[in-house]
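A.B. asks: Can you keep this structure in mind? I'll have questions shortly.
The values are calculated or read from the model by the stated rules, or taken from the named source; none is laboratory data. In this text the structure is predicted, and so the values were computed from the model without any measurement. Using ideal geometry, Cβ is built from the backbone for each residue, glycine included, and neighbour counts are taken over all protein chains shown.
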């Protein structure tokens, strides 16, 4: 039902897999890499993801789509790795008896995939600069009942030194990131995102946690997932390690 791949998506598509004599509609969405974003010229993209968590969350989204809409089948494929302009980054396909259900389910799936999955996009610009695209804006497109009712992204500059002592800081960056850009101003635990499946159950529900990464993008997804698992005292540090250096 869901697949992450480093191969071109076109090579994996087989519409025959959707053939169903009961189906009267087949809707597909293709998301392509464009050459601009927010006024900047884009040269290429790079996607990173955490497969285990992606698979679990994506299958839940597809299951909810099947429960919400009268559809027969729904599948999604998402690229990882480097993509050039014009490449297909994501594909969603849905079959249903009627077109309205197929249209609605397809829109629901792509909106939730963009908002919920731990997939991060890095843009490389024609001026030689690059940067991770903040996915917080994607969450604004969720269906109202899917929006989180709590604030998970905080600015630690709003906290006094005494208040900060109540929190455990957790660095979810990889080893090479920590070496290149140490977070020297705070003492922290190190739970790298690449080992998420090994440490995500290590939190004490009685303690308070501030989770940070390089830019505050990956940590936001990690916190959102932990909140969904019932941990209420975890927050993402806005702007990541850069805000810690200003602290």
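A.B. asks: Report yes if some residue within the stretch 45-60 is in the same structural domain as residue 129 (by TED's automatic domain parsing) and over 27 Å from residue 214 (Cβ atoms); otherwise report no. Break it down stepwise before answering.
C.D. replies: If we filter the stretch 45-60 for residues that are in the same structural domain as residue 129 (by TED's automatic domain parsing), which is where we start, we get 45-60.
Cutting the leftovers down to over 27 Å from residue 214 (Cβ atoms) gives us 59-60.
Yes; the residues of the stretch 45-60 include at least one that is in the same structural domain as residue 129 (by TED's automatic domain parsing) and over 27 Å from residue 214 (Cβ atoms).
A.B. asks: Among residues belonging to the stretch 62-82 that are out of contact with any strand residue (DSSP E or B) (no Cβ under 8 Å at 6 or more places or on another chain) and touching a residue at least 40 places away in the same chain (Cβ under 8 Å), point out the one that is surrounded by the fewest Cβ atoms within 10 Å (Cβ to Cβ).
C.D. replies: From the stretch 62-82, those out of contact with any strand residue (DSSP E or B) (no Cβ under 8 Å at 6 or more places or on another chain) are 63-64, 67-68; that's our starting set.
Then drop every residue that is not touching a residue at least 40 places away in the same chain (Cβ under 8 Å), which leaves 64, 68.
Numbers: 64: 16, 68: 13.
Looking at residues that are out of contact with any strand residue (DSSP E or B) (no Cβ under 8 Å at 6 or more places or on another chain) and touching a residue at least 40 places away in the same chain (Cβ under 8 Å), I get 68.
A.B. asks: Let me ask something else. For the list (1) modelled with pLDDT of 90 or more; (2) touching a helix residue (DSSP H, G or I) at 6+ places or on another chain (Cβ under 6 Å), I need the number of the one condition that residue 89 fails.
C.D. replies: The single condition residue 89 does not satisfy is (2).
A.B. asks: I've got another one for you. Answer with yes or no whether residue 107 is over 16 Å from residue 31 (Cα atoms) and modelled with pLDDT of 75 or more. If you could, list the steps in order and put the result at the bottom.
C.D. replies: Details: over 16 Å from residue 31 (Cα atoms): no; modelled with pLDDT of 75 or more: yes.
No: the conditions fail for residue 107.
A.B. asks: Report, by residue number, each residue of the stretch 34-56 that is in contact with a strand residue (DSSP E or B) (Cβ under 9 Å, 6 or more places away or on another chain) and part of a helix (DSSP H, G or I).
C.D. replies: We begin by selecting, within the stretch 34-56, every residue in contact with a strand residue (DSSP E or B) (Cβ under 9 Å, 6 or more places away or on another chain); these are 34-37, 40-51, 54-55.
Correct list: 51, 54, 55.
A.B. asks: Follow-up question, since we're still on this one. Could you please let me know if residue 114 is farther than 26 Å from residue 16 by Cα, in a helix (DSSP H, G or I) and not assigned by TED's automatic domain parsing to the domain that holds residue 225?
C.D. replies: Details: farther than 26 Å from residue 16 by Cα: yes; in a helix (DSSP H, G or I): yes; not assigned by TED's automatic domain parsing to the domain that holds residue 225: yes.
It is true that residue 114 is farther than 26 Å from residue 16 by Cα, in a helix (DSSP H, G or I) and not assigned by TED's automatic domain parsing to the domain that holds residue 225.
A.B. asks: What single numbered condition from (1) surrounded by 11 or more Cβ atoms within 10 Å (Cβ to Cβ); (2) within 23 Å of the chain's Cα centre (by Cα) fails to hold for residue 26?
C.D. replies: (2)
A.B. asks: Since residue 31 meets every condition but one in (1) within 17 Å of residue 93 (Cα to Cα); (2) touching a helix residue (DSSP H, G or I) at 6+ places or on another chain (Cβ under 9 Å); (3) assigned to a helix (DSSP H, G or I), which condition does it not meet?
C.D. replies: Against the list (1) within 17 Å of residue 93 (Cα to Cα); (2) touching a helix residue (DSSP H, G or I) at 6+ places or on another chain (Cβ under 9 Å); (3) assigned to a helix (DSSP H, G or I), residue 31 comes up short only on (3).
A.B. asks: Let me ask something additional. Can you list the helices (runs of 4 or more DSSP H) found entirely within the stretch 159-247 that contain at least 3 residues being in contact with a strand residue (DSSP E or B) (Cβ under 7 Å, 6 or more places away or on another chain)? Spell out how you get there, then give the answer.
C.D. replies: On the way: elements: 161-164, 175-180, 196-199, 218-228, 240-246.
Counting at least 3 such residues, we get 218-228, 240-246.
A.B. asks: Continuing with the same structure: With (1) surrounded by fewer than 17 Cβ atoms within 10 Å (Cβ to Cβ); (2) under 15 Å from the mean Cα position of the chain (by Cα); (3) under 21 Å from residue 47 (Cα atoms) as the list, and residue 175 as the residue in question, which single condition is left unmet?
C.D. replies: The single condition residue 175 does not satisfy is (2).
A.B. asks: Another question, then. Given the residues 39, 93, 86, 31, which is the only one that is surrounded by fewer than 16 Cβ atoms within 10 Å (Cβ to Cβ), in the same structural domain as residue 130 (by TED's automatic domain parsing) and touching a residue at least 40 places away in the same chain (Cβ under 8 Å)?
C.D. replies: Within the list 39, 93, 86, 31, the selection yields 86.
A.B. asks: Give the residue, chosen from 13, 4, that is touching a strand residue (DSSP E or B) at 6+ places or on another chain (Cβ under 6 Å) and surrounded by 15 or more Cβ atoms within 10 Å (Cβ to Cβ).
C.D. replies: 4 is the lone residue from the list that is touching a strand residue (DSSP E or B) at 6+ places or on another chain (Cβ under 6 Å) and surrounded by 15 or more Cβ atoms within 10 Å (Cβ to Cβ).
A.B. asks: When you go through 217, 156 one by one, which is the residue that is crowded, with 20+ Cβ neighbours inside 10 Å and over 17 Å from residue 53 (Cα atoms)?
C.D. replies: Details: 217 fails: over 17 Å from residue 53 (Cα atoms).
The conditions single out 156.
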